[in-house]
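In what follows, a structure is listed as structure tokens, so that the remarks can point back to it.
Every number in this text was worked out from the coordinates using simple rules, so none of it is lab data. Predicted model, so just to flag it, every value in this text is computed and none were measured. So basically every Cβ, Gly included, is an ideal-geometry build from the backbone, and we count neighbours across all protein chains shown.
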Amino acid sequence: MNRKLVKQKSEYRWIVERAGAMKVDGVIFASEALIAGMDDKVAEQVRNVAALPGIVGASYAMPDAHWGYGFCIGGVGAFDPEAGGIISAGGVGFDIACGVRTLHTGMKVGDIEGRREQLADTLFRKIPAGVGSTGRLKLRPAQLDEVLANGAPWAVEHGYGLPEDLRFIESNGRVPGANPAKVSDLAKQRQAEEMGTLGSGNHYLEIQQVVEIYDPKTAMIFGIEEGDLKISIHCGSRGLGHQIGTDYLKSMGSCAKQMGIELPERELACAPLNSDVGQSYLGAMRSGINCALANRQILTHLVREAFDEFQSSASIRLLFDVSHNTCQEETHSIDKKPRRLFVHRKGATRAWGPGHPGLPAEYAGVGQPVLIGGTMGTASYILVGTAESEHMGLSSSCHGAGRNMSRTAATKQWNGKDITRQLAGCGILIRTRSIRGVAEEAPGAYKDVSEVVEVSHKQGLARKVAKLVPLICIKG
Amino acid sequence: MDEAFAEAGKALMAVIGSPDKVRPTTQTVITCQANDPEQLFVDWINALIFEVAANHQFFLRFSVTIRNGVLTATGFGERIDPERHETAVEPKAATYLMLEVRQQPDKSWIAQCVVDV
């Protein structure tokens, strides 16, 4: 990034100064190295968001920020409906409520020694993944509406999981205010056979080993010990969410024009929260969130079935489930006054600090688990939310590594079979239906997730608790 | 413009997998309507994404006719076979990023946009 676009305020905090139509400053959290690697477009998109009606506080970019559609990936922006604030489909993204769920297994690495291939094959058989894959559930429109209204509790009520799972999911697995009637028939048709599927691209299910503990006290409360086997699932609302994004990007584009909202990019399409289109999107987007939460719940059930078939002593329990593409209604302290805001996090993770009333009782003393996915060849991290993150960035943190290379460039540089062989040599088993997909997702095509996590930690957006490395990766 | 849209459809299929491995055993009719060519292009690409996602179709080629803002197309393809079609990634949506539909001085057409995958 051109340094003239930002002013360094502290080691990891850079300001895009308010100018022109901007209503607030932009704030980018990054190290010197990360700023140097960021595209100029990140600063431009931070500026554009800062100019949207009703924005409060600042337009933020997390350490893994990169050029997105409308909002940058890693962008955070909060809007006040009482001040003309907007909601933007481009501020949530197409993969509504894409997120990470991490599961305990109650097992250590030694428990699968000599049987890793068998476990990988069992999971690969059980988890529908890749282009064109379908789930075992075939839902009629009325049944799908129940999923969209009720989220993960619907899945549990229908035998996919345990009631105690729900406490460890954001919003207990169901955001209120979903309105399935505002989701198009096309979106519902796209989802009819996709419940309980992983998807493709950067989505995955990993068996991971905890290799390092940074914060023993919090790790103990989260139930993490060195050598533990954990499972992480990264996926979202599948075709339903993608179609909601498509539908509302179009209708919001027309709405913004009618309302006289100037959009520097069409992907910034938005509507006032207090408008018909804004309320319709809110109802549809919340349906998308519930769809994603139900989807990860069904996948958890399939994981349990796989471990039963594998004949292990596993006890699969949730550590946490958090989405990183959402717009959530939250109360934040702005200028020492509580304000009801709609916080867009696009490629950014909510990171509540200790004492937040939304946390499960077990975690109330330390803060929310923040689950950061890496690549199939590097590491993932578990962090914990901090109290100071509230005033720094509306309790937000990074979400992952972020690509540094296009898929086309990656396939020119790497061969999927070679990558699979190299990773197997490092003890990482890949199972996929797409060898080309492995090349496109090569670890080298991503930024260094450790640097991103380190900046979040040192800035205090969230603090490091544990590092996990993959042993088995089911690629979407 | 008709041919540019048809070629863009083939380009989308190449993002998903290997369209040259597709046997044209089915014909799917697709229609879209929009006031401006750029919106029509986004709608066209999104219609194809829907056919892939909801109806599991994968296409070898397209015949496209655009008249007065109405696009009528036939896609020649078959049901997705992930192994034979070497599928890699499912597209989420057409975006407005780098969206352009225009005729060049040599009368050829450019039709493009970034697709989110």
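When the alpha carbon gyration tensor of segment B:61-117 is reduced to an equivalent ellipsoid, its three semi-axes come out at 26, 17, 12 angstrom, largest first.
Just checking the output field for A:200-209: average partner chain Cβ neighbours within 10 Å of each residue's Cβ?
Details: counts 9, 7, 2, 2, 0, 0, 0, 0, 0, 0.
Average per residue, whole number: 2.
Quick one: dipole size for segment A:255-302, taken about the Cα centre, charges +1 on Lys/Arg Cβ and -1 on Asp/Glu Cβ, in debye to the nearest 20. Walk me through the intermediate numbers first.
On the way: 4 positive and 4 negative charges, 42 e Å.
In debye, rounded to 20, segment A:255-302 gives about 200.
Calculated FRET efficiency, A:Arg115 to A:Glu362, Cβ-Cβ distance, R0 = 35 Å: about 0.65 to the nearest 0.05. Here the simple spin-label model places points 7 Å from the Cα toward Cβ, and for A:Glu17 and B:Val70 these points are separated by 5.7 nm.
Report the FRET efficiency, 1/(1 + (r/R0)^6), for A:Glu330 and A:Gln143, where r is their Cβ-Cβ distance and R0 is 25 Å, rounded to 0.05. Before the final figure, lay out each step's value.
Numbers: r = 31 Å, r/R0 = 1.23.
Efficiency, from the Cβ-Cβ distance: 0.20.
Inverting the pair-averaged 1/r between distinct Cα atoms of segment A:247-341 gives 16.9 Å as its Kirkwood hydrodynamic radius. Taking segment A:119-153 and a reference point 7 angstrom along Cα→Cβ of B:Arg84, the backbone N atoms nearer than 16 Å belong to A:132.
Using Cβ point charges alone (K and R +1, D and E -1), the dipole size of segment B:2-116 about the Cα centre works out to roughly 220 debye.
Which residues in segment A:13-56 have a backbone N closer than 17 Å to a point placed 7 Å from the Cα of A:His391 along the Cα-to-Cβ line? What the label zone holds, given the 17 Å backbone N cut-off, is A:13. Spin-label pair A:Ala83-A:Glu32: with each label point 7 Å from Cα along the Cα-Cβ axis, the two points sit 3.6 nm from one another. In order along segment A:452-461, the phi-based Karplus estimate (6.51 cos²θ - 1.76 cosθ + 1.60, θ = phi - 60°) of 3J(HN,Hα) comes to 4, 5, 4, 5, 4, 5, 5, 6, x, 5 Hz; Gly and Pro are listed as x.
Quick check: residue separation of A:Glu262 and A:Lys337 times 0.36 nm, minus the Cα distance between them. What number comes out in nm? Display every interim value, and only then the final one.
Numbers: separation 75, 0.36 × 75 = 27.00 nm, distance 2.96 nm.
Length gained, A:Glu262 through A:Lys337: 24.0 nm.
For the protein assembly as shown, the dipole from Cβ point charges (+1 on Lys and Arg, -1 on Asp and Glu) about the Cα centre works out to 120 debye, to the nearest 20.
Per DSSP H run of n ≥ 4, the term is -39500 (n - 2.57); total these for chain B, divide by its residue number, and report the mean residue ellipticity at 222 nm rounded to 500 deg cm²/dmol.
Details: 2 runs with 34 residues, N = 117.
It comes out at -9500 deg cm²/dmol, rounded to the nearest 500.
Does anything in segment B:8-29 have its amide N under 15 Å from the 7 Å Cα→Cβ label point of B:Arg61, and if so which residues? Residues B:8-11, B:19-28 qualify, since their backbone N sits under 15 Å from the label point. Among A:Ala379, A:Ile428, A:Ala364, which residue has its Cα positioned farthest towards the positive end of the charge dipole of segment A:339-476, with +1 placed on the Cβ of Lys and Arg, -1 on the Cβ of Asp and Glu, and the dipole taken about the Cα centre? So the residue we want is A:Ile428. Geometric descriptor of segment A:333-373, per residue, is 98 Å³ (volume of the convex hull of the Cα atoms). Could you tell me the relative contact order of chain A? Use alpha-carbon pairs under 8 Å, at least six residues apart, and round to a whole percent. So the answer I get is 22 percent. Taking every pair of alpha-carbon atoms in chain A, what share in percent sits in each 10 Å bin, from 0 to the bin with the longest distance? Result, from short to long distances: 4, 22, 33, 28, 11, 2, 0 percent. For segment B:2-116, the residue among B:Ile110, B:Val64, B:Met13 whose Cα projects farthest onto the positive side of the dipole built from Cβ charges is B:Val64. Hey, how much of the P(r) for segment B:2-116 falls beyond 17 Å, as a percent of Cα pairs? In whole percent, the share of Cα-Cα pairs in segment B:2-116 beyond 17 Å is 51. Listed by chain and number, the lysines placed with their C-alpha closer than 18 angstrom to that of A:Lys9 are A:Lys458; residues fewer than eight positions away on the same chain are left out.
Look at the dipole of chain A built from charges on Cβ: of A:Ile86, A:Pro180, A:Ala21, the Cα furthest out on the positive end belongs to A:Ala21.
Could you order the peptides A:342-349, B:82-89 from most to least packed, using the average number of other C-beta atoms within 10 Å per residue?
Details: A:342-349: 28.1, B:82-89: 20.6.
Output ranking for A:342-349, B:82-89: A:342-349, B:82-89.
Distance between the modelled labels on B:Gln104 and A:Asn172, one decimal in nanometres: 6.0 nm (7 Å Cα→Cβ projection). According to the calculation over all Cα-Cα pairs in segment A:88-159, the P(r) per 10 Å bin from zero is 13, 29, 36, 18, 4 %.
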